[in-house]
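To start, the structure under review is shown below, and the notes come after it.
The values are calculated or read from the model by the stated rules, or taken from the named source; none is laboratory data. Everything quoted here is computed from the prediction, not taken from an experiment. Cβ: placed from backbone, ideal geometry, glycine included. Neighbour counts: every protein chain shown.
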């Protein structure tokens, strides 16, 4: 019962962990370069959740000072994650650009085919 | 002899070979000027080194610090009697060897002679710097420079077998030095807090257990691969692919003597002979060196290649010196020091002869030498004299070093070592004399006995140096006393109470009480 | 100067950042090179003056961005270590720039040359930012700026394998950075702060039952940064990335990128966690030592069997990073000094070595061992310098490499770990084998093919290499600027350990 309660009150952490592990698994297990990037994106996204979960306070408002409200959410993690999203997008864009170039150079985006075309790297 | 103070002379001794190297490079298009530069440089070095002698005999210890690399680790020099002897040997023989090299290299038509002379000069510079070193770090530095600068000399021929030998040479010398010598230095640094060569030894007051002392001794004895202690000796026979002048100066004098000199210096100034004898940590090295002496001699018996036989003989003779150090009595240290000189002069003569035979008749195997004494009487006479000196027969220099070594063995706890010296002398006879006998008493193939043959010696520049060194063997018998005096100036103890010649206390027993 | 003096930490970042902005809009590669050169030569002046100030005052330089004081705003805090690494990075950049022009002109398509310089400047921005910042999240942003620029630089290599190498590095690097962010997030949740020193203060008063979360954070952070610094066995991206990147990219990255990641690891372990978590109780140091020893041997042995000289040196880099992390793992004065001084020494040695190969690539277009045979006969200056730098890599006394090894071995023996001392020196023997093999190929074989026609390059390429090789020798004798400062930095860092 206790575990169940811990699960119920901390479910967003479990979602975070699930996304994290699933993303990492896709990166490792898939041979398709685009799918790998999808996994990588998923992995990064899980972090956004990790940061935002403790920052959002139930019943809290945006931190704009007003005598009517006493509870505020923490703005800092939100800002950090805004930055992290930018970094993630940039990474994904660069990754996809590389895949396009790899496809031009090798005619495939499958890791196994690339290795067989070049011999062992 | 020269109107400079000793520190300037020490700097000059190390710098002149390097300056010579620059001139050799500048004159690489005109061989006569190039060889002229070598000769002038070598003569200058010999003169400088001899000029240092009076000061040392008078008890001065000139020294200076070049640069401190990190705290406690500096490149510093200080000249003391042991280093003086080594510097005299290396510095003087470089000149004779240069004369010999010119004759040999031109006659044999070796390629890349500029590179050869440059590496030679750098090697001599680092040998002298090693002889002058004040601490283990400086010694280690120049030890490595010596390995690196002689590597191109070993691979000089450029053939596949020369490359292979070069690999063995470099891997073994650098390998042992980095893997064992360096940890040894670090060990001394951490245990004693200093790596300066100190009379009486820096480890004397360090309260180290016999196990630690024995372990450190092993790191040095094996780490100084140039001393060719069994089982790290096989680089020396391999290095014989080098041109003979290289074998002569580097593998009978500079490189191998740098090894035994380092061992000797470490034993005397790092461990201190009392530390070793009291802890008994030197025992295993006594046995190992004894084994090496006998084993290498037996292996030498079976070599048909003249240079290979001489190489194994060198391995055996080097172990004499290591044994002298390992016995760690005042007399054995004197004997070992003397043997550095005597063996250097004798062995360089033998290598000169081997080279002369090669350039004159292209013969490398002992079985080809039948009757060659009739063609090359001067060379083979020199060979005979040097052989007798190595065997230790009077009236040649080798007598004295063996005498002191045997006395040292009697002083020590390891009296069986006397027997080792005697047996090995017999083995020396067995592997050196047949060469002489073959040369003088066997008939020259294809020539009727009794018919006169025309002399066919090597070029004069080869024959003169080898005759001079052979005469040196003879002279050293009569002037051994100054050399021994110098060797006895080595400060074995911190208080200077007992210098060489008297017996140290062995397990609380003094020889005078016995 | 006095007006600028207080703003040096931010200038160190703004100069390359704005230079990057301008070069991105330039069409001519040479013009972009000119601007990059100016920027690269200004930076060492800034970095050195900061280092002098820190050493002179004995106090770190604190720069509050927008006048927001810690822990509310981002604060740049420059101590001896940070300034030391910044000097290394900027000096290598400055020395390498003259080399860059011909090398880039020969290897990169004309229309993207200016963008290549943009990438270089952005990479420099990120690396310098990490050394300046005192903020954990800010460090992540800079890490990613430099990494993204690096991926692009590598992808511009001539061979199509460069693309795959860049992709591999992108995946590994992003995983590393993400793990780092997870660690930072956990720390933020536990302490409510992102400032390294503020975190350290708050951890010191943390109740012990909360420590498990912090230790989890330590795990994430260390693994994340280890990926970036190519700690064995997380090094697989490095050999390909270095081997197929354009020569100038390899030259710059080999000397700086992993070194800055090492800086971050040291910062985390000693400045942040060292204060609260008794590092002896956590097996992190032991794990570091095991991984380092494995790197020293396995990567060195891989180097021995390489047929491409550039990849060989790349594997050697993995091994050398092992020496650095080993010194970190020893966590005593001598060991940490050894690690820091090796950061410096390996930086200059490896840069010189890759410059040598870059010159070979410029002349003969390849770095395969078979194509390099006998090239020492036709390019004696370049290859002679290469071998000298190789001796530094082995750690021959009289070169900078020896000084690092000395401190590391002393550090190991002081711990009483003789076995480790022997492992350090034994692994150096493997370096003799691969450097010896390279030497044999380039000097003792007959020149064939393109190597027979090669000759020493123009001075603009040769001089930077010679400067670094001379520095390798110089820092083997005078160590007041390398080991001296490293020792000061090590003392500062170890002050934080209980």
Residue A:34 vs. criteria part of a helix (DSSP H, G or I), within 26 Å of residue C:150 (Cβ to Cβ), touching a helix residue (DSSP H, G or I) at 6+ places or on another chain (Cβ under 7 Å) and at pLDDT below 90: no
Residue C:425 vs. criteria farther than 19 Å from residue B:187 by Cα, buried (at least 20 other Cβ atoms within 10 Å of the Cβ) and within 23 Å of the chain's Cα centre (by Cα): no
Qualifying residue in the range B:106-125 (condition: crowded, with 23+ Cβ neighbours inside 10 Å, in a helix (DSSP H, G or I) and free of Cβ contacts under 8 Å to residues at least 24 places away in the same chain): no
First in the range A:84-110 and closer than 23 Å to residue C:142 by Cβ and more than 7 Å from chain C (Cβ to nearest Cβ), second anywhere and at pLDDT 95 or above and surrounded by fewer than 15 Cβ atoms within 10 Å (Cβ to Cβ), Cβ under 6 Å, 6 or more apart: none
Extreme residue, modelled with the lowest pLDDT, among residues of the range C:442-454 that are within 11 Å of chain B (Cβ to nearest Cβ) and part of a helix (DSSP H, G or I): C:444
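Here is a yes/no grid of residues against (1) more than 26 Å from the chain's Cα centre (by Cα); (2) surrounded by fewer than 20 Cβ atoms within 10 Å (Cβ to Cβ); (3) over 30 Å from residue C:53 (Cα atoms):
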position: C:397; (1), (2), (3): no, no, yes
position: C:415; (1), (2), (3): yes, yes, yes
position: C:443; (1), (2), (3): yes, yes, yes
position: C:459; (1), (2), (3): no, yes, yes
position: C:462; (1), (2), (3): no, no, yes
Residue A:26 being in contact with a helix residue (DSSP H, G or I) (Cβ under 8 Å, 6 or more places away or on another chain), more than 21 Å from residue C:236 (Cβ to Cβ) and part of a helix (DSSP H, G or I): no
Among the residues listed as C:162, C:177, C:166, C:152, the single one being buried (at least 18 other Cβ atoms within 10 Å of the Cβ), in contact (Cβ under 8 Å) with a residue 24 or more places away in the chain and under 23 Å from residue C:324 (Cβ atoms): C:177
Answer from C:360, C:421 - the residue that is in contact with a helix residue (DSSP H, G or I) (Cβ under 7 Å, 6 or more places away or on another chain), modelled with pLDDT of 90 or more, assigned to a helix (DSSP H, G or I) and closer than 17 Å to residue C:464 by Cα: C:360
The range C:155-189 - residue that is more than 26 Å from residue A:31 (Cα to Cα) and more than 10 Å from every other protein chain (Cβ to nearest Cβ) and, of those, modelled with the highest pLDDT: C:183
Which listed residue, of C:292, C:334, C:302, C:271, is part of a helix (DSSP H, G or I), out of contact with any strand residue (DSSP E or B) (no Cβ under 6 Å at 6 or more places or on another chain) and modelled with pLDDT under 90: C:271
Residue among B:41, B:83 that is within 20 Å of residue B:262 (Cβ to Cβ), crowded, with 21+ Cβ neighbours inside 10 Å and at pLDDT 90 or above: B:83
Breaking point among (1) at the interface with chain C (Cβ under 9 Å from one of its Cβ atoms); (2) without any contact (Cβ under 8 Å) to a residue 60 or more places away in the chain, for residue A:41: (1)
Meets criteria (within 18 Å of the chain's Cα centre (by Cα), more than 12 Å from chain C (Cβ to nearest Cβ) and in a helix (DSSP H, G or I)) for residue B:165: no
Positions within the range C:34-68 being farther than 30 Å from residue C:113 by Cα, in a helix (DSSP H, G or I) and touching a helix residue (DSSP H, G or I) at 6+ places or on another chain (Cβ under 6 Å), in sequence order: C:50, C:51, C:54
Residue identified as farther than 23 Å from residue C:248 by Cα, more than 12 Å from chain A (Cβ to nearest Cβ) and either at pLDDT 90 or above or touching a helix residue (DSSP H, G or I) at 6+ places or on another chain (Cβ under 7 Å) (or both) among C:220, C:196: C:196
Out of B:3, B:31, sole residue that is modelled with pLDDT under 90 and closer than 25 Å to residue B:111 by Cα: B:31
Residue under evaluation residue B:153, criteria (1) surrounded by 24 or more Cβ atoms within 10 Å (Cβ to Cβ); (2) over 17 Å from the mean Cα position of the chain (by Cα); (3) under 30 Å from residue B:202 (Cα atoms), criterion not met: (3)
Residue within the range C:462-474 that is over 26 Å from residue B:169 (Cα atoms) and modelled with pLDDT under 90 present: no
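Residue-wise test of (1) free of Cβ contacts under 8 Å to residues at least 60 places away in the same chain; (2) under 26 Å from residue B:74 (Cβ atoms).
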| site | (1), (2) |
| --- | --- |
| C:363 | no, no |
| C:404 | no, yes |
| C:421 | yes, yes |
| C:433 | no, no |
Qualifying helices (runs of 4 or more DSSP H) (wholly inside the range B:173-239; at least 1 residues being within 23 Å of residue C:413 (Cα to Cα) and within 14 Å of chain C (Cβ to nearest Cβ)): B:182-192, B:210-223
Options C:376, C:395: the member that is under 26 Å from residue C:239 (Cβ atoms) and more than 10 Å from every other protein chain (Cβ to nearest Cβ): C:376
Matching residues, the range B:77-92, being assigned to a strand (DSSP E or B) and in contact with a helix residue (DSSP H, G or I) (Cβ under 6 Å, 6 or more places away or on another chain): B:77
Single match in C:126, C:134 (criterion: without any contact (Cβ under 8 Å) to a residue 40 or more places away in the chain, under 30 Å from residue C:493 (Cα atoms) and either in contact with a helix residue (DSSP H, G or I) (Cβ under 8 Å, 6 or more places away or on another chain) or buried (at least 23 other Cβ atoms within 10 Å of the Cβ) (or both)): C:126
Failed criterion for residue C:384 (all others in (1) farther than 26 Å from residue C:291 by Cα; (2) without any contact (Cβ under 8 Å) to a residue 12 or more places away in the chain; (3) not in a helix (DSSP H, G or I) hold): (3)
So residue C:433, is it at pLDDT below 90 and either surrounded by fewer than 24 Cβ atoms within 10 Å (Cβ to Cβ) or not in a helix (DSSP H, G or I) (or both): no
Enumeration of residues in the range A:55-74 that are within 12 Å of chain C (Cβ to nearest Cβ) and either within 24 Å of residue C:174 (Cβ to Cβ) or out of contact with any helix residue (DSSP H, G or I) (no Cβ under 7 Å at 6 or more places or on another chain) (or both): A:55
